[in-house]
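This report concerns only the one structure given below.
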Amino acid sequence: METKIIKIDKNNFKEEELKEAADILKKGGLVAFPTETVYGLGADGLNPEASKKIYEAKGRPSDNPLILHIANIAALEELTVECPEMGLKLAEAFWPGPLTMIFKKSKAVPYKTTGGLETVAIRMPSHPIAYELIRKSGVYIAAPSANISGRPSPTMAEHVIEDMNGRIEMIIDGGMVDIGLESTIVDVTGDVPTILRPGYITASMLEAVVGTVNFDKVVLAKKADANIVPKAPGMKYKHYAPKGDLTILEGSMEAVIQGINECAAEKLSKGFKVGIIATDETFSRYPQGLVKSIGTRKDEDTIAHGLFQILREFDTEGTEYIYTESFESKQLGQAIMNRLLKAAGYHIIKVHDTGLL
Ligand code: TXA
Ligand code: MG
């Protein structure tokens, strides 16, 4: 299949520019499009045949449900059987935006889209292209991240082209996304809202609106544990992983820098290609290896924004071993560490001031 790639300026476009994309979606085809979090791979979410194509294009396990993207809160009436008070409050506070909520699904939503579950994930994106595409096509767009299953999520059209060229009808290039990490997922079907996947909307932002929130066990896990079954099926798969072997070093900044330099030197001496994920503050402290700054510690938004891109760059460059600094697991850092841990298959080395242990 030939994939058509169109460029659209998110700050200045006419509705007409989305006509062809909207027609493809209406007819059951696949269109990748930018959202404020990451690029999505969209299809008509109420058409099981269309949803099925998403799984095929991504190589995604069929028990991993899709998020339905809506442009109007009234859609909740059609897609859910009940919308609890806390869901409405959170929608009012954070939609349109990077929050996905899990509701009990209505009959209108096919099991193909929910991976066989009785619940459905719904999000109203704020990106102008995503928003207009939903409105113009008139379909609820089911869209996972537009990467091949297991690879880092795409934050620019080039990443989508890498993974999806020839597999889908169209890719809309709307430039680099704003956030760079997927939405926060909150289950509102129980008594207390529960975070299934951390994201840009942090626990304290949610708590400011609905009081206490819980975390699904897997979100707090610091190591892979086969006994924990995550509530979001996608969280059980190895994910975001670069092709090289990624290791996180944790400890005081000085110990981490020294530890990374030791690890890098050892692998370099054996002839391997080594990558280092540094920050603006520490970049100059790594004399060897392919060193990249992910962003500045003074503004974690920049780190979220750079994470998936940097992992893909190391892939392109054929890096065999990658060492990264770690980040504090609070606020946005919680989502950053969640993705890093999964990308590293939970491989962390704790370093002490006396050197590597
Ligand atoms: O920011 C985002 O959420 C992006 C953009 C495109 O909107 N989408 C995204 O989709 O990240 P995806 O498919 O890569 O991740 C969706 C996650 C998966 O972990 C899936 O298991 C979970 O949401 N999920 C979907 N429906 C669910 C449900 N009914 N119950 C629990 N988890 C669900
Ligand atoms: Mg994904």
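Structural remarks
- The length gained on full extension between Thr296 and Glu16, counted as 0.36 nm times the residue separation minus their Cα-Cα distance, comes to 96.9 nm.
- The three principal axes of the Cα atoms in the stretch 245-356 give end-to-end lengths of 38, 35, 27 Å, sorted in falling order.
- Per residue, the stretch 245-356 exposes an accessible area of 41 Å² to a 1.4 Å probe, with every protein chain left in place.
- Inter-probe distance in nm under a simple model that places probes 7 Å from Cα toward Cβ, at Lys330 and Tyr346: 2.5
- Distance between the pseudo-spin-label points of Asn227 and Asn165 (7 Å out from Cα toward the beta carbon): 4.8 nm.
- When restricted to Cα atoms, the chain yields an Rg and a Dmax of 20.4, 63 Å, respectively.
- Cα-derived Rg over Rh, computed across the stretch 4-215 with Rh taken as Kirkwood radius: 0.94
- Separation of the Asp353 and Lys238 label points, Cα + 7 Å toward Cβ, nm: 3.7
- Amide H contacts for Thr279 (H built 1.01 Å from N in the peptide plane; partners 5 or more residues away or on another chain; cut-off under 5 Å): Ile294.
- Accessible surface of the chain, 1.4 Å probe, proportion on carbon and sulfur as whole %: 51
- Amide H to amide H distances under 5 Å link Ile171 with Lys4, Ile5, Ile6, Ala32, where only residues 5 or more positions off or on other chains count and H is placed in the peptide plane.
- For the stretch 314-355, backbone nitrogen atoms closer than 13 Å to the point 7 Å from Lys270 Cα along Cα-to-C-beta are found at 320-322.
The values are calculated or read from the model by the stated rules, or taken from the named source; none is laboratory data. If you're wondering where the values come from, they're calculated on a predicted model, not measured in any experiment. Note: ideal-geometry Cβ built from the backbone for every residue, glycine included; neighbour counts use all protein chains shown. The area values use the complete protein model at the heavy-atom level, side chains included, leaving out ligands, DNA and RNA. Shrake-Rupley method; radii C 1.70, N 1.55, O 1.52, S 1.80 Å.
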